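Working notes, beginning with the structure itself.
The values are calculated or read from the model by the stated rules, or taken from the named source; none is laboratory data. The structure presented is a predicted model; accordingly, all values stated were derived computationally and were not measured. Cβ placement follows ideal geometry from the backbone for every residue including glycine, while neighbour counts extend to all protein chains displayed.
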C-alpha cells in the first residue's frame, strides 16, 4: 500500500481506523455501569444524520478545522475546507483523498473503526471497552483490533445530553498509534436529524486515469 504523503491524512487515518468515544478531552472520563456499553451502542444506532464542526489536533500540536457530515448507514465526509484534503465514505468504501499529490486510499467501511458509527451491523458491545472517566457526565469507549496492534487504538467520547440521540452526544475521539502518538478530534455545533442528501458524499477523483465525480 502506497503511503500517503500528507501528515494530516496519516493522522486522520489513525483516528478513523479505530472506533472510540470521547468527550471534550479536558473533561475526565466517566465511571460507567456494566450496561453503559449497550447504551452507547443504542445511541450510535439512533443517529440518522449529524452535522458538526470539527477541530483536529495532531501529536505535534498542529490544528486543522473543518466540517463533518455523517449519514447512517455508511456515509461520512470530513471536509477541511481548503480543497487539499478530504475523507469521505460513500456507503461502501472509506476514501482518504490528497488532492495536493493526487492520491486516493480506499478502505472497506467494515474494516475501519468508523464501522462502529457507520455500519448498521456494527456492535460496540462485542469489541468496545469502557474507559473509566471519573466524571458521570462523560462516557468513553476504546476500540482496537487485538489482531492488528500496529493499527493503534481509538477512544470515542460522549457527553450526556438529553436532546442527543440516545441521550449521548459524540463530542470527539482520541486516536493513538502504535508509537504512542496521539491525534485528538473534537466536535462542536452539532446538529442531529437534519436532511443531508447522498450527493453530499460525492467526490472528485484526482487520479489521472479517473474522470469526473465519484458517487
Selected residue (criterion: nearest to residue 168 (Cα to Cα)) from residues of segment 122-143 that are under 15 Å from the mean Cα position of the chain (by Cα) and not in a loop (DSSP other than H, G, I, E, B):
140
Can you name every residue in segment 48-85 that is in contact (Cβ under 8 Å) with a residue 24 or more places away in the chain, part of a strand (DSSP E or B) and surrounded by fewer than 16 Cβ atoms within 10 Å (Cβ to Cβ)?
53, 55
Being modelled with pLDDT of 85 or more and touching a helix residue (DSSP H, G or I) at 6+ places or on another chain (Cβ under 9 Å), is that true of even one residue in segment 49-56?
yes
On the basis of being in a strand (DSSP E or B), surrounded by 17 or more Cβ atoms within 10 Å (Cβ to Cβ) and at pLDDT 80 or above, does residue 44 make the cut?
no
Does segment 18-30 include one or more residues that are surrounded by 15 or more Cβ atoms within 10 Å (Cβ to Cβ), modelled with pLDDT of 90 or more, touching a helix residue (DSSP H, G or I) at 6+ places or on another chain (Cβ under 7 Å) and outside any helix (DSSP H, G or I)?
no
I need every pair where a residue in segment 152-173 that is at positive phi and surrounded by fewer than 21 Cβ atoms within 10 Å (Cβ to Cβ) has its Cβ under 7 Å from the Cβ of a residue that is modelled with pLDDT of 90 or more and in a strand (DSSP E or B), sequence separation at least 6 or different chains.
167/160
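Here is a yes/no grid of residues against (1) without any contact (Cβ under 8 Å) to a residue 60 or more places away in the chain; (2) surrounded by fewer than 17 Cβ atoms within 10 Å (Cβ to Cβ); (3) closer than 20 Å to residue 200 by Cβ:
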| site | (1), (2), (3) |
| --- | --- |
| 94 | no, no, yes |
| 108 | yes, yes, no |
| 121 | yes, yes, no |
| 130 | no, no, no |
